[in-house]
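For reference, the structure discussed in these notes is given below.
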Amino acid sequence: MSVPVSQMWTVASYVLRQKLARRKQYPLVLMLEPLFRCNLACAGCGKIQYPAHVLKRQLTPEECFRAVDECGAPVVSIPGGEPLMHPEIDKIVEGLVARKKYIYLCTNALLLKEKIHLFKPTKYLTFSVHLDGQKEHHDFAVCREGGYEIAVDAIREALDRGFRVTTNTTLFDGADPKSVRAFFDDMMELGIEGMMLSPGYSYEKAPDQQHFLGRARTRRLFRAILSNREKNWRFNLSPLFMEFLMGKRHYACTPWGMPTYNIFGWQKPCYLLQDGYADTFDELIRETAWESYGTESGNPHCANCMVHSGYEASAVNDTFGSLNGFVATVKGTLFHRYRDEGALRLLDEPVEHGQQSPLVKIGNAQIGNATETFEETRA
Ligand code: SF4
């Protein structure tokens, strides 16, 4: 199992309570961004392009607690920026543990060894370490030579001290599926609890605009990566969300499922877009024009989006919304290895070397020439 039973029970009972209350728009994971500052400058990131006076600002622990209490989600993800750069991150975590929230502290791990003494191991706290693949891929993706070794070293330290550790990996166009699968083997050998994956979102502010995945290419890439799974791979993702990424299911976006709170307030409508801010969570839910978002809406900013923060809550909602969804989740968790001969052929396709950016120069396999055609579609 990649997630403790107590966490699964907390999430399941919370979702069932929302269903019984017939609440349609409920939060599952709060994305709490206490700051935008970072000690990396990744080419695919849109978060650190703010002017200096914004990057200097941060949420106080009290502001974080107010947002968490207002929202009520059972899980709190703390991305950024780099949360370990926040001078009171230990107080924030302590306050959330006291509230019995399951916390995913997302970090590039550059500061993890230095700051790990600030935290105590508990089932409520997981270090979710950003690793974008094997060494060459990760170092190129984060534009930092040696970043992979530092992160892996910190993971070992955290595991030795008894912390829960997962990885989070963002994949861009040109990702080599064979290498990604080898990366899964490496992470399982390291002993982490589970792996989280998402396709990159095309932030308008990100320096590298060429390598964001369209929907059809996302499905091809994830079909190649996630079919024919090794038995020991553990993912920190809903099985139905993974089937969605592989093109086996369709979901509409539920951006309220993972609302974002940061120094500007409650971000409309989601972690990725900034169409204004609400002062309270209630105002966010009431006043956001939700029908204007998601792939069906025709909003060009949503056309190619399949990211975790928009669609994983949709998959979880499906699990608890129908018997079919529940059975499919159990099968996907316990039995399914997704045998697929076509996906094996995708893995054997030749690597194309072209005019790629440094982000994808090494070990680059384009899987765009596979025999099966996938429509680039909003469906
Ligand atoms: S489709 Fe993506 S960008 Fe659009 S609202 Fe959903 S999560 Fe946000």
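The values are calculated or read from the model by the stated rules, or taken from the named source; none is laboratory data. Remember, it's a predicted structure, so these values are computed and weren't measured experimentally. Here the Cβ is made from the backbone with ideal geometry for all residues, glycine too, and neighbour counts use every protein chain on show.
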Notebook entry, point to check: Regarding ALA182, is this residue modelled with pLDDT under 95 and of a type in the set (A, V, I, L, M)?
Noted result: no
Next item on the list: From (1) farther than 30 Å from ASP282 by Cβ; (2) outside any loop (DSSP other than H, G, I, E, B); (3) among the hydrophobic types (A, V, I, L, M, F, W, C), pick out the condition that doesn't hold for CYS143.
Entry: (2)
Item checked: Single unsatisfied condition, THR295 versus (1) modelled with pLDDT under 90; (2) surrounded by fewer than 18 Cβ atoms within 10 Å (Cβ to Cβ); (3) within 9 Å of the ligand (Cβ to nearest atom) -> (2)
Next item on the list: Pairs only if they're at least six apart or on different chains, beta carbon under 6 angstrom, first in region 1-27 and closer than 12 Å to TYR102 by Cα, second at pLDDT 90 or above and of a type outside the set (Asp, Glu); list them, first residue then second.
Entry: PRO4/LYS123; GLN7/TYR102; THR10/PRO74; VAL11/PRO74
Check: Does region 141-148 contain at least one residue that is modelled with pLDDT under 95 and under 18 Å from the mean Cα position of the chain (by Cα)?
Finding: yes
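Can you find a residue that is of a type in the set (A, V, I, L, M) and closer than 19 Å to LYS24 by Cβ anywhere in region 291-313?
From region 291-313, those of a type in the set (A, V, I, L, M) are 303, 306-307, 313; that's our starting set.
Within this subset, residues satisfying the condition of being closer than 19 Å to LYS24 by Cβ are 313.
Yes: one or more hits.
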Item checked: All positions within region 308-351 that are polar (S, T, N, Q) and either assigned to a helix (DSSP H, G or I) or within 22 Å of the chain's Cα centre (by Cα) (or both) -> SER309, SER314, ASN317, THR319, ASN324, THR329, THR333
Check: Of the residues LYS248, LYS268, which single one is surrounded by 17 or more Cβ atoms within 10 Å (Cβ to Cβ) and without any contact (Cβ under 8 Å) to a residue 12 or more places away in the chain?
Finding: LYS248
Checklist line | Matching residues in region 41-60 - criterion: being at pLDDT 90 or above and either buried (at least 19 other Cβ atoms within 10 Å of the Cβ) or touching a Gly at 6+ places or on another chain (Cβ under 6 Å) (or both) | finding: GLN58, LEU59
Check: Can you name every residue in region 96-130 that is touching a Phe, Trp or Tyr at 6+ places or on another chain (Cβ under 7 Å) and of a type in the set (A, V, I, L, M)?
Finding: VAL97, ILE103, LEU105, LEU112, LEU125
Check: Looking only at helices (runs of 4 or more DSSP H) that fall completely inside region 1-108, which ones have 2 or more residues that are under 21 Å from PHE127 (Cβ atoms), more than 21 Å from the chain's Cα centre (by Cα) and acidic (Asp, Glu)?
Finding: 89-98
Note to self: So, in region 299-319, exactly how many residues are more than 9 Å from the ligand (Cβ to nearest atom) and without any contact (Cβ under 8 Å) to a residue 60 or more places away in the chain?
What the structure shows: 1
Notebook entry, point to check: What number of residues in region 95-146 are surrounded by 22 or more Cβ atoms within 10 Å (Cβ to Cβ) and touching a Cys at 6+ places or on another chain (Cβ under 9 Å)?
Noted result: 9
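Against the condition touching a residue at least 60 places away in the same chain (Cβ under 8 Å), hydrophobic (A, V, I, L, M, F, W, C) and within 18 Å of CYS38 (Cβ to Cβ), how does CYS106 come out, does it pass?
Here the answer is yes, as CYS106 does meet what is asked.
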